[in-house]
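Visitor: I'd like to ask you about the structure that follows.
Where a number appears in this text, it was derived from the coordinates with a stated rule and is not lab data. As the structure is a prediction and not an experimental result, all values here were calculated from the model. Please note: Cβ atoms are built from the backbone with ideal geometry, for glycine as well, and neighbour counts cover all protein chains shown.
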Amino acid sequence: MRLTVFWDRMNQQFGEAYAQSVAKDYVMAELGGRTIEQALADGEPAKRVWQAVVATFDVPSRLQ
């Protein structure tokens, strides 16, 4: 998954402003206690990070 697709899905799920806040502030157990921003910066693939978002939040099937 490309980062552009990842951010498009994040924006669709949360709205642009809140998506940035979730990525910066929400520590996710699925990402080893890291935020989305930290996981991406550490080189975690965008697809893996998106899978963690899907596992953590109520994401509609059309975005999964």
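Visitor: I need every pair where a residue in the stretch 1-23 that is touching a residue at least 12 places away in the same chain (Cβ under 8 Å) has its Cβ under 7 Å from the Cβ of a residue that is among the charged types (D, E, K, R) and surrounded by fewer than 16 Cβ atoms within 10 Å (Cβ to Cβ), sequence separation at least 6 or different chains.
Guide: 1/47; 23/37
Visitor: Now a separate question. Hey, among the residues in the stretch 15-64 that are among the polar types (S, T, N, Q) and outside any loop (DSSP other than H, G, I, E, B), which one's surrounded by the fewest Cβ atoms within 10 Å (Cβ to Cβ)?
Guide: Only one residue tops the list, namely 61.
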